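Have a look at the structure below before the remarks.
The values are calculated or read from the model by the stated rules, or taken from the named source; none is laboratory data. Since the structure is predicted, the reported quantities are computational estimates derived from the model, not experimental observations. Glycine also receives a Cβ, built like all others from the backbone with ideal geometry; neighbour counts cover every protein chain displayed. Ligands, DNA and RNA are stripped out before the accessible areas are found, and what is left, the full protein with its side chains, is counted by its heavy atoms. Shrake-Rupley method; radii C 1.70, N 1.55, O 1.52, S 1.80 Å.
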Amino acid sequence: MPKVFETTLEINLNALKHNFDFLKSKLQNNTLFLAVVKAFAYGSDASVIANYLQKIGVDYFAVAYISEGVELREAGITVPILVLHPQLGNLELAIKHSLEPSLYSLKTLREFKKVAIKCNVFNYPVHIKFNTGLNRLGFEPEEINLALNTLIDASCLKVKSVFSHLAASEDLNEKKFTDTQIERYKSLSEKFINSFDYTIIRHLCNTSGVLNYPEAQFDMVRCGIGLYGYGNSKKESENLIPVASLKSVVSQIISVSIGESVGYNRGHICRVDSKIATIPIGHADGIGRHYGHNAGTVSINQQTAPIVGNVCMDMIMVDVTSINCLEGDEVVLFGSSFSAEGIAEAVDTISYELITGISQRITRKIIK
Ligand SMILES: *Cc1c(COP(=O)(O)O)cnc(C)c1O
């Protein structure tokens, strides 16, 4: 791999293909695959990721907001797009771009129905979401008849799918809870689809659901984090390859004598005569202040260097006293051999937060 000359997020499409194939190998033959590409495809590049997945045969996409779906349409995506959390102010925009809303309450259903009538559409695809235990978005199970009654006479709408979301699919200590959630969804969705004379897709599992609860695949699964190369445990991650690698370069190396300080507020005091390297990436790029003070590490020439002192907006300083490195050498913040999971864990967060937080300022480079 050629060296980078500035801070760069490399996006490896071969890794994406590997993860897609691996997750698909866990599915029954006729289970549909929905790829979740919200939040810039988990901090990478939604249009690049979605176009590649479209080419290799993904069945569905999901984004969080309507604006994210519009961007995908403008980038040439023709596969159906589910909008998980549409906002009521711009529902017409969803229809204009053939984006399929998740309707998760009587209010959202009624609002969308109104807009659909106004736009003169017929059989417009919508997705009905139930809350089965996450207690975030969704119709309550007791509201099923309300939902059905509102849908039954609405020729402007057609229910494409009925779905729910697991609360603890990654946590095997919560297996009992999850089994109950699966049962609840099963009976609820059965009653729901039996009220229609056409086929409705059922889906419940995210990545960890696919890996831990193969019996709960229903007709479709919704994978996000697994596609990008992370599971929710070491075991899950074993067969996946991180798609994004965050790399930078050593800008400058200076010698700092014992007792002297490094960075703002003298955040680090050198206990020995030290070599300190400055790297052009900071909290404005998604490397938060909690990575400072030796909590986070970077990899330079396959050696680990701690981030010392306070993280600045555009820079971090790392201690390279015991490392062979020169100005211009490549620095890996995370990647396939230096996983985001481990670094995130060191500061008490999860890979999701680290990878989705990488700012748009950083150059993306596609690797095939
Ligand atoms: C984000 C999201 C997913 C994807 O979950 P992963 O754990 O990243 O696979 C699936 N379903 C819903 C409703 C989501 O919001």
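Nonpolar atom fraction for the stretch 244-367, defined as the carbon and sulfur part of the 1.4 Å probe accessible area, stands at 50 percent.
Only beta bridges with both residues in the chain are counted; by DSSP, about 45 percent of them are antiparallel. Around the amide H of Glu260, modelled in the peptide plane, lie the amide H atoms of Cys270, all under 5 Å away and 5 or more residues distant in sequence or on another chain. For the stretch 31-228, the spread of Cα coordinates along the three principal axes comes to 48, 41, 27 Å, biggest extent given first. Distance between the pseudo-spin-label points of Thr321 and Asn51 (7 Å out from Cα toward the beta carbon): 4.9 nm. Estimated at the nearest 10 Å², the accessible area of Asp348 is 140 Å² with a 1.4 Å probe. Each distinct pair of alpha carbons in the chain adds a 1/r term; the inverse of their mean, the Kirkwood radius, is 22.3 Å.
Here the stretch 198-256 was treated as a single set of alpha-carbon atoms; its pair distances binned every 10 Å from 0 give 20, 34, 19, 13, 8, 5, 1, 0 percent.
Ordering Leu240, Leu137 by accessible surface, largest first, gives Leu137, Leu240; the 1.4 Å probe counts only protein heavy atoms, with every chain in place.
Note that the stretch 1-74 presents 43 Å² accessible area per residue, ligands and nucleic acids not counted, probe 1.4 Å.
Scoring 225-235, 182-192 by mean Cβ neighbours within 10 Å over their residues and listing the highest first yields 225-235, 182-192. The alpha-carbon of Lys114 sits under 26 angstrom from the alpha-carbons of these lysines, leaving out residues fewer than 8 places away in its chain: Lys96, Lys129, Lys158, Lys160, Lys191. Sorted from longest to shortest, the spans of the Cα atoms of the stretch 1-114 along the three principal axes equal 54, 40, 22 Å. The separation of the stretch 32-92 from the stretch 155-226, counted between C-alpha centres, amounts to 20 Å.
Could you tell me how many cubic angstrom of Cα convex hull volume the stretch 151-303 has per residue?
201
Using the Cβ-Cβ distance between Lys365 and Ser251 with R0 = 22 Å, the FRET efficiency computed as 1/(1 + (r/R0)^6) comes to roughly 0.70. Protein-only accessible surface at a 1.4 angstrom probe places the residues Arg222, Arg271 in the order Arg271, Arg222, largest first.
Estimated purely from DSSP H runs of n ≥ 4, each contributing -39500 (n - 2.57), the mean residue ellipticity at 222 nm for the chain is -8500 deg cm²/dmol once divided by its residues. Which one of Phe122, Phe338, Phe40 has the biggest mean-square fluctuation once the chain is modelled by GNM with Cα springs under 10 Å? Residue with maximal mean-square fluctuation among Phe122, Phe338, Phe40: Phe122. Each label was represented as a point 7 Å from its Cα along the Cα-to-Cβ direction; for Glu353 and Lys107 these points are 2.8 nm apart.
For the stretch 126-173, the pair-distance distribution built from all alpha carbon pairs, in bins 10 Å wide starting at 0, is 24, 45, 22, 7, 1 percent.
Note on the stretch 86-203: Kirkwood hydrodynamic radius from all Cα pairs is 14.8 Å, rounded to one decimal.
What translational diffusion coefficient, to the nearest whole µm²/s, does the stretch 244-367 have by Stokes-Einstein, given a Kirkwood radius computed over alpha-carbon pairs, a temperature of 20 °C and 1.002 mPa s viscosity?
Details: Rh = 14.4 Å.
Once the numbers are plugged in, D ends up at 148 µm²/s.
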